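Participant: Before I ask anything, here is the structure I am working with.
The values are calculated or read from the model by the stated rules, or taken from the named source; none is laboratory data. On a predicted model such as this, the values are computed, not experimentally measured, just so you know. Glycine gets a Cβ as well: all are built from the backbone with ideal geometry, and neighbour counts include every protein chain shown. SASA here: full protein model, heavy atoms, side chains in, ligands and nucleic acids out. Shrake-Rupley method; radii C 1.70, N 1.55, O 1.52, S 1.80 Å.
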Amino acid sequence: MDILNALVAFLNFVFIPAAAYGAQLALGALGVTLIYGILRFSNFAHGDTMAFGTAVTILTTWGLQSMGVTLGPLPTALLALPIGIAGTAIIVLLTDRAVYRFYRIKKAPPIILVMASVGVMFLMNGLTRLLIGVDEQRFADGARFVIDVRSFREMTGLQEGLALKTTQVLTIVVAVLVVWALFWFLNRTKSGKAMRAYSDNEDLALLSGIDPEKVVRLTWIIAAGLATIAGVLYGLDKAFKPFNYFQILLPIFAAAIVGGLGNPLGAIAGGFVVAFSEVAVTYPWLKVAGYLFPAWQPDGLLQLLGTEYKFAVSFVILIVVLLFKPTGLFGGRSV
(Lines give C-alpha, C1' and ligand atoms only; values in the text may rest on other atoms or scores of the structure.)
Protein backbone atom coordinates (compact mmCIF):
# COMPACT_ATOMS: atom_id res chain seq x y z
CA MET A 1 0.00 0.00 0.00
CA ASP A 2 2.87 2.37 0.72
CA ILE A 3 4.07 2.03 -2.87
CA LEU A 4 0.58 2.93 -4.10
CA ASN A 5 0.44 5.90 -1.74
CA ALA A 6 3.83 7.05 -3.05
CA LEU A 7 2.57 6.69 -6.63
CA VAL A 8 -0.57 8.71 -5.85
CA ALA A 9 1.51 11.44 -4.17
CA PHE A 10 3.80 11.54 -7.22
CA LEU A 11 0.79 11.81 -9.57
CA ASN A 12 -0.90 14.42 -7.41
CA PHE A 13 2.01 16.77 -6.83
CA VAL A 14 4.40 16.13 -9.73
CA PHE A 15 3.06 14.32 -12.78
CA ILE A 16 -0.40 15.86 -13.22
CA PRO A 17 0.62 19.49 -12.46
CA ALA A 18 3.71 19.14 -14.68
CA ALA A 19 1.67 17.62 -17.52
CA ALA A 20 -0.85 20.49 -17.42
CA TYR A 21 1.92 23.11 -17.13
CA GLY A 22 3.85 21.40 -19.94
CA ALA A 23 0.81 21.56 -22.22
CA GLN A 24 0.49 25.29 -21.52
CA LEU A 25 4.19 25.87 -22.23
CA ALA A 26 3.97 23.75 -25.38
CA LEU A 27 1.17 25.89 -26.80
CA GLY A 28 3.08 29.06 -25.95
CA ALA A 29 6.29 27.68 -27.45
CA LEU A 30 4.43 26.69 -30.63
CA GLY A 31 3.53 30.35 -31.15
CA VAL A 32 7.13 31.44 -30.59
CA THR A 33 8.57 28.79 -32.91
CA LEU A 34 5.98 29.59 -35.60
CA ILE A 35 6.97 33.25 -35.62
CA TYR A 36 10.66 32.36 -35.61
CA GLY A 37 10.34 29.74 -38.34
CA ILE A 38 8.31 31.86 -40.76
CA LEU A 39 8.97 35.51 -39.89
CA ARG A 40 12.52 34.78 -38.72
CA PHE A 41 12.74 36.67 -35.45
CA SER A 42 12.23 35.92 -31.75
CA ASN A 43 9.04 37.62 -30.62
CA PHE A 44 9.62 38.89 -27.07
CA ALA A 45 6.08 40.28 -26.99
CA HIS A 46 4.58 36.78 -27.03
CA GLY A 47 4.08 36.58 -23.25
CA ASP A 48 2.24 39.89 -23.14
CA THR A 49 0.23 38.85 -26.20
CA MET A 50 -0.91 35.89 -24.10
CA ALA A 51 -1.82 38.29 -21.30
CA PHE A 52 -3.79 40.58 -23.63
CA GLY A 53 -5.74 37.68 -25.15
CA THR A 54 -6.52 36.32 -21.70
CA ALA A 55 -7.66 39.75 -20.49
CA VAL A 56 -10.09 40.09 -23.42
CA THR A 57 -11.36 36.57 -22.71
CA ILE A 58 -11.86 37.36 -19.01
CA LEU A 59 -13.81 40.55 -19.78
CA THR A 60 -16.01 38.62 -22.22
CA THR A 61 -16.45 35.87 -19.61
CA TRP A 62 -17.66 38.38 -17.05
CA GLY A 63 -20.09 39.77 -19.62
CA LEU A 64 -21.52 36.31 -20.34
CA GLN A 65 -21.77 35.51 -16.63
CA SER A 66 -23.65 38.76 -15.98
CA MET A 67 -26.20 37.64 -18.58
CA GLY A 68 -26.53 34.25 -16.91
CA VAL A 69 -24.73 32.37 -19.69
CA THR A 70 -22.58 29.48 -18.45
CA LEU A 71 -21.29 26.11 -19.63
CA GLY A 72 -22.41 24.16 -16.59
CA PRO A 73 -19.50 22.12 -15.21
CA LEU A 74 -17.06 23.64 -17.74
CA PRO A 75 -15.56 27.14 -17.47
CA THR A 76 -17.54 29.90 -19.19
CA ALA A 77 -14.19 31.15 -20.52
CA LEU A 78 -14.43 28.47 -23.23
CA LEU A 79 -17.40 30.35 -24.71
CA ALA A 80 -15.49 33.63 -24.51
CA LEU A 81 -12.31 32.19 -26.02
CA PRO A 82 -13.20 32.91 -29.70
CA ILE A 83 -13.71 36.59 -28.82
CA GLY A 84 -10.34 36.65 -27.08
CA ILE A 85 -8.65 35.06 -30.10
CA ALA A 86 -10.34 37.51 -32.49
CA GLY A 87 -9.34 40.53 -30.37
CA THR A 88 -5.75 39.31 -30.10
CA ALA A 89 -5.56 38.57 -33.83
CA ILE A 90 -6.70 42.12 -34.60
CA ILE A 91 -4.13 43.71 -32.27
CA VAL A 92 -1.20 41.62 -33.59
CA LEU A 93 -2.18 42.31 -37.21
CA LEU A 94 -2.31 46.03 -36.44
CA THR A 95 1.06 45.76 -34.69
CA ASP A 96 2.54 43.99 -37.69
CA ARG A 97 1.20 46.65 -40.01
CA ALA A 98 2.45 49.51 -37.82
CA VAL A 99 5.82 48.09 -36.72
CA TYR A 100 7.17 44.87 -38.21
CA ARG A 101 6.11 45.37 -41.84
CA PHE A 102 8.37 48.43 -42.16
CA TYR A 103 11.43 46.40 -41.10
CA ARG A 104 10.47 43.47 -43.35
CA ILE A 105 10.31 45.77 -46.37
CA LYS A 106 13.70 47.22 -45.43
CA LYS A 107 15.01 43.64 -44.97
CA ALA A 108 16.35 44.66 -41.58
CA PRO A 109 18.52 42.16 -39.65
CA PRO A 110 16.57 39.89 -37.26
CA ILE A 111 18.06 41.65 -34.21
CA ILE A 112 16.25 44.85 -35.25
CA LEU A 113 12.93 42.98 -35.28
CA VAL A 114 13.77 41.45 -31.91
CA MET A 115 14.38 44.90 -30.40
CA ALA A 116 11.16 46.14 -31.99
CA SER A 117 9.32 43.25 -30.33
CA VAL A 118 10.72 44.35 -26.95
CA GLY A 119 9.11 47.75 -27.50
CA VAL A 120 5.86 46.08 -28.52
CA MET A 121 6.10 43.94 -25.36
CA PHE A 122 6.05 47.03 -23.12
CA LEU A 123 3.17 48.54 -25.09
CA MET A 124 1.14 45.32 -24.86
CA ASN A 125 1.88 45.07 -21.15
CA GLY A 126 0.66 48.60 -20.54
CA LEU A 127 -2.43 48.05 -22.69
CA THR A 128 -3.33 44.89 -20.76
CA ARG A 129 -2.94 46.66 -17.41
CA LEU A 130 -5.15 49.52 -18.62
CA LEU A 131 -7.72 47.02 -19.84
CA ILE A 132 -8.06 44.84 -16.76
CA GLY A 133 -5.83 46.26 -14.02
CA VAL A 134 -2.83 44.80 -12.22
CA ASP A 135 -4.55 42.70 -9.57
CA GLU A 136 -4.86 38.94 -9.58
CA GLN A 137 -8.08 37.72 -11.22
CA ARG A 138 -9.68 34.29 -10.86
CA PHE A 139 -12.23 33.58 -13.55
CA ALA A 140 -12.64 29.79 -13.44
CA ASP A 141 -16.21 28.70 -12.76
CA GLY A 142 -18.06 25.40 -13.17
CA ALA A 143 -16.99 22.19 -11.44
CA ARG A 144 -13.67 22.54 -9.66
CA PHE A 145 -12.65 18.88 -9.54
CA VAL A 146 -13.09 15.82 -11.72
CA ILE A 147 -11.83 13.71 -8.81
CA ASP A 148 -11.54 15.15 -5.29
CA VAL A 149 -9.39 13.87 -2.43
CA ARG A 150 -12.24 12.57 -0.26
CA SER A 151 -13.94 10.64 -3.09
CA PHE A 152 -10.63 9.11 -4.15
CA ARG A 153 -9.85 7.95 -0.62
CA GLU A 154 -13.31 6.42 -0.25
CA MET A 155 -12.99 4.61 -3.60
CA THR A 156 -9.49 3.24 -3.04
CA GLY A 157 -9.03 3.06 0.71
CA LEU A 158 -5.59 4.64 0.35
CA GLN A 159 -4.22 7.12 2.86
CA GLU A 160 -3.02 9.50 0.14
CA GLY A 161 -5.72 11.34 -1.81
CA LEU A 162 -5.72 12.36 -5.45
CA ALA A 163 -7.17 15.66 -6.64
CA LEU A 164 -7.67 16.06 -10.38
CA LYS A 165 -8.81 19.56 -11.27
CA THR A 166 -11.19 20.24 -14.14
CA THR A 167 -8.78 22.86 -15.49
CA GLN A 168 -5.95 20.32 -15.62
CA VAL A 169 -7.98 17.84 -17.65
CA LEU A 170 -9.28 20.66 -19.83
CA THR A 171 -5.74 21.94 -20.45
CA ILE A 172 -4.48 18.58 -21.70
CA VAL A 173 -7.57 17.85 -23.83
CA VAL A 174 -7.60 21.30 -25.43
CA ALA A 175 -3.84 21.19 -26.03
CA VAL A 176 -4.10 17.82 -27.80
CA LEU A 177 -6.95 19.09 -30.01
CA VAL A 178 -5.15 22.34 -30.84
CA VAL A 179 -1.88 20.58 -31.70
CA TRP A 180 -3.74 18.07 -33.88
CA ALA A 181 -5.60 20.88 -35.68
CA LEU A 182 -2.37 22.85 -36.22
CA PHE A 183 -0.46 19.90 -37.67
CA TRP A 184 -3.44 18.99 -39.87
CA PHE A 185 -3.59 22.58 -41.15
CA LEU A 186 0.15 22.78 -41.85
CA ASN A 187 0.31 19.40 -43.61
CA ARG A 188 -3.04 19.06 -45.39
CA THR A 189 -4.21 22.51 -46.47
CA LYS A 190 -2.94 24.69 -49.31
CA SER A 191 -2.36 27.63 -46.97
CA GLY A 192 -0.47 25.46 -44.49
CA LYS A 193 1.77 24.06 -47.22
CA ALA A 194 2.43 27.61 -48.42
CA MET A 195 3.52 28.58 -44.90
CA ARG A 196 5.89 25.62 -44.72
CA ALA A 197 7.31 26.40 -48.16
CA TYR A 198 7.83 30.05 -47.17
CA SER A 199 9.60 28.90 -44.01
CA ASP A 200 11.89 26.48 -45.87
CA ASN A 201 12.92 28.81 -48.70
CA GLU A 202 11.45 32.29 -48.95
CA ASP A 203 12.87 33.11 -52.41
CA LEU A 204 11.73 29.83 -53.96
CA ALA A 205 8.28 30.26 -52.39
CA LEU A 206 7.95 33.72 -53.94
CA LEU A 207 8.97 32.35 -57.34
CA SER A 208 6.26 29.70 -56.95
CA GLY A 209 3.61 32.42 -56.68
CA ILE A 210 3.00 32.27 -52.93
CA ASP A 211 1.63 35.54 -51.55
CA PRO A 212 4.02 36.58 -48.74
CA GLU A 213 1.54 38.98 -47.14
CA LYS A 214 -1.06 36.22 -46.86
CA VAL A 215 1.51 33.94 -45.23
CA VAL A 216 2.45 36.69 -42.76
CA ARG A 217 -1.21 37.36 -41.88
CA LEU A 218 -1.93 33.66 -41.35
CA THR A 219 1.16 33.30 -39.19
CA TRP A 220 0.14 36.16 -36.93
CA ILE A 221 -3.45 34.93 -36.67
CA ILE A 222 -2.37 31.39 -35.74
CA ALA A 223 0.22 32.71 -33.28
CA ALA A 224 -2.46 34.94 -31.71
CA GLY A 225 -4.78 31.95 -31.37
CA LEU A 226 -2.07 29.81 -29.77
CA ALA A 227 -1.06 32.62 -27.41
CA THR A 228 -4.65 33.28 -26.30
CA ILE A 229 -5.46 29.60 -25.76
CA ALA A 230 -2.23 29.05 -23.82
CA GLY A 231 -2.83 32.19 -21.74
CA VAL A 232 -6.43 31.32 -20.92
CA LEU A 233 -5.55 27.74 -19.94
CA TYR A 234 -2.70 29.03 -17.76
CA GLY A 235 -5.02 31.58 -16.12
CA LEU A 236 -7.75 29.00 -15.51
CA ASP A 237 -5.30 26.53 -13.98
CA LYS A 238 -3.58 29.09 -11.75
CA ALA A 239 -4.77 32.71 -11.83
CA PHE A 240 -4.51 35.72 -14.11
CA LYS A 241 -2.05 38.47 -13.32
CA PRO A 242 -0.40 40.46 -16.13
CA PHE A 243 3.10 40.25 -14.65
CA ASN A 244 2.90 36.43 -14.52
CA TYR A 245 2.77 36.33 -18.32
CA PHE A 246 5.92 38.41 -18.54
CA GLN A 247 7.63 35.90 -16.24
CA ILE A 248 6.42 32.86 -18.18
CA LEU A 249 8.19 34.14 -21.29
CA LEU A 250 11.47 32.62 -20.05
CA PRO A 251 10.20 29.00 -19.76
CA ILE A 252 8.35 29.39 -23.07
CA PHE A 253 11.54 30.45 -24.87
CA ALA A 254 13.45 27.73 -23.05
CA ALA A 255 10.91 25.18 -24.31
CA ALA A 256 11.12 26.46 -27.89
CA ILE A 257 14.94 26.44 -27.86
CA VAL A 258 15.24 23.05 -26.15
CA GLY A 259 13.07 21.47 -28.83
CA GLY A 260 14.66 23.47 -31.66
CA LEU A 261 13.46 26.90 -32.78
CA GLY A 262 11.34 26.61 -35.90
CA ASN A 263 10.42 22.97 -35.17
CA PRO A 264 6.78 22.60 -33.98
CA LEU A 265 7.29 19.06 -32.70
CA GLY A 266 10.34 20.22 -30.79
CA ALA A 267 8.34 23.04 -29.18
CA ILE A 268 5.86 20.51 -27.80
CA ALA A 269 8.59 18.22 -26.45
CA GLY A 270 10.50 21.18 -25.04
CA GLY A 271 7.42 22.39 -23.16
CA PHE A 272 7.14 19.11 -21.29
CA VAL A 273 10.91 18.85 -20.68
CA VAL A 274 10.96 22.31 -19.08
CA ALA A 275 7.74 21.76 -17.10
CA PHE A 276 8.76 18.41 -15.63
CA SER A 277 12.23 19.75 -14.83
CA GLU A 278 10.83 22.79 -12.99
CA VAL A 279 8.32 20.76 -10.99
CA ALA A 280 10.70 17.89 -10.17
CA VAL A 281 13.51 20.17 -9.00
CA THR A 282 11.29 22.40 -6.82
CA TYR A 283 9.03 19.69 -5.33
CA PRO A 284 9.81 18.53 -1.75
CA TRP A 285 10.11 14.75 -2.11
CA LEU A 286 9.83 14.08 1.64
CA LYS A 287 6.28 12.67 1.44
CA VAL A 288 7.08 10.27 -1.43
CA ALA A 289 10.29 9.17 0.30
CA GLY A 290 8.34 8.63 3.53
CA TYR A 291 6.04 6.13 1.83
CA LEU A 292 8.87 4.31 0.01
CA PHE A 293 11.34 4.27 2.93
CA PRO A 294 9.30 4.42 6.19
CA ALA A 295 12.34 3.88 8.40
CA TRP A 296 14.29 6.78 6.85
CA GLN A 297 14.04 10.10 8.68
CA PRO A 298 15.77 12.74 6.51
CA ASP A 299 16.68 16.09 8.02
CA GLY A 300 15.27 18.29 5.24
CA LEU A 301 12.39 18.34 2.78
CA LEU A 302 14.42 16.62 0.03
CA GLN A 303 13.87 19.67 -2.13
CA LEU A 304 16.66 20.72 -4.49
CA LEU A 305 15.39 24.30 -4.91
CA GLY A 306 12.61 26.38 -3.43
CA THR A 307 9.61 27.16 -5.63
CA GLU A 308 10.74 30.78 -5.89
CA TYR A 309 13.66 29.53 -7.99
CA LYS A 310 11.62 27.55 -10.50
CA PHE A 311 12.35 30.00 -13.32
CA ALA A 312 16.05 29.53 -12.59
CA VAL A 313 15.60 25.94 -13.76
CA SER A 314 14.37 27.20 -17.13
CA PHE A 315 17.32 29.58 -17.31
CA VAL A 316 19.84 26.82 -16.60
CA ILE A 317 18.22 24.54 -19.22
CA LEU A 318 18.30 27.40 -21.72
CA ILE A 319 22.01 28.11 -21.10
CA VAL A 320 23.00 24.43 -21.29
CA VAL A 321 21.16 23.91 -24.59
CA LEU A 322 22.60 27.10 -26.11
CA LEU A 323 26.11 26.05 -25.11
CA PHE A 324 26.05 22.40 -26.15
CA LYS A 325 23.27 21.99 -28.74
CA PRO A 326 22.06 25.36 -30.07
CA THR A 327 19.90 23.68 -32.72
CA GLY A 328 17.85 21.97 -29.99
CA LEU A 329 16.90 18.35 -29.45
CA PHE A 330 14.92 18.13 -32.71
CA GLY A 331 17.34 20.09 -34.89
CA GLY A 332 15.72 23.46 -35.41
CA ARG A 333 17.54 26.57 -36.57
CA SER A 334 20.69 27.46 -34.69
CA VAL A 335 20.20 30.24 -32.17
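Participant: Pick from Ser117, Ser208, Ser199: which is most flexible by mean-square fluctuation in a GNM of the chain where alpha carbon atoms under 10 Å apart are linked?
Facilitator: Ser208
Participant: Tell me which trypsin sites (Lys or Arg not before Pro) from the stretch 63-127 have a DSSP coil assignment and no more than 14 other beta carbons within 10 Å of their own.
Facilitator: Of the trypsin sites (Lys or Arg not before Pro), the ones in loops of the stretch 63-127 whose Cβ has at most 14 other Cβ atoms within 10 Å are Lys106, Lys107.
Participant: Please report how many Lys pairs in the stretch 58-211 have alpha carbons closer than 30 angstrom, counting only residues at least 8 apart along the chain or sitting on separate chains.
Facilitator: 4
Participant: Most mobile of Asp203, Asp237, Asp141 per a Gaussian network model of the chain (Cα springs, under 10 Å)?
Facilitator: Of Asp203, Asp237, Asp141, the Gaussian network model singles out Asp203 as fluctuating most.
Participant: Report the Cα centroid-to-centroid distance between the stretch 275-311 and the stretch 58-101 in angstrom, as an integer.
Facilitator: 38
Participant: Would you grab the residues whose amide H sits under 5 Å from the one on Lys165? Only those 5+ places off in sequence or on another chain, please, with H modelled 1.01 Å from N.
Facilitator: Val146
Participant: Tyr291: net charge of surrounding residues, Cβ under 12 Å, Lys/Arg +1, Asp/Glu -1, itself excluded?
Facilitator: My count for the surroundings of Tyr291 gives -1.
Participant: Using the Cα atoms of the stretch 47-198, I'd like the radius of gyration and the largest Cα-Cα distance, Dmax, both in angstrom.
Facilitator: 20.5, 68
Participant: How long is the gain from Gln159 to Arg138 if the chain were fully straight, where each residue apart is worth 0.36 nm and the alpha carbon distance is subtracted?
Facilitator: 4.5 nm
Participant: Then there is this: Compute from the Cα atoms of the chain the Rg and the Dmax, the latter being the longest Cα-Cα distance, and quote both in angstrom.
Facilitator: Using the Cα atoms of the chain, the pair Rg, Dmax is 21.1, 72 Å.
Participant: Would you mind working out the accessible area per residue for the stretch 194-284, using a 1.4 Å probe, and quoting it in Å²?
Facilitator: 32
Participant: Using the basic label-point model (7 angstrom from Cα toward the beta carbon), what is the Phe185 to Ile319 distance in nanometres?
Facilitator: 3.7
Participant: Something else now. Compute the helix-to-body angle for 166-188: its Cα long axis versus the longest principal axis of the chain, expressed 0 to 90° and rounded to tens.
Facilitator: 30
Participant: Now, a different point. For the stretch 100-162, with every protein chain kept in place, what is the accessible area per residue (1.4 Å probe, Å²)?
Facilitator: For the stretch 100-162, the solvent-accessible area averages 66 Å² per residue.
Participant: Which order do the peptides 70-78, 17-25, 256-264, 317-325 take when ranked by the mean count of other beta-carbon atoms within 10 Å per residue, highest first?
Facilitator: 256-264, 17-25, 70-78, 317-325
Participant: Roll a 1.4 angstrom probe over the protein heavy atoms and tell me the percent of accessible area of the stretch 1-132 that is carbon or sulfur.
Facilitator: Answer for the stretch 1-132 is 76 percent, counting heavy atoms of protein chains only.
Participant: Let me have the relative contact order for the stretch 179-231, percent, based on Cα pairs under 8 Å that are six or more residues apart.
Facilitator: Across the stretch 179-231, relative contact order equals 22 percent.
Participant: Calculate log10 I(q)/I(0) of the stretch 156-262 for q = 0.15, 0.18 Å⁻¹, where I(q) comes from the Debye formula with a single equal point scatterer on each Cα and nothing for solvent.
Facilitator: -0.83, -1.05
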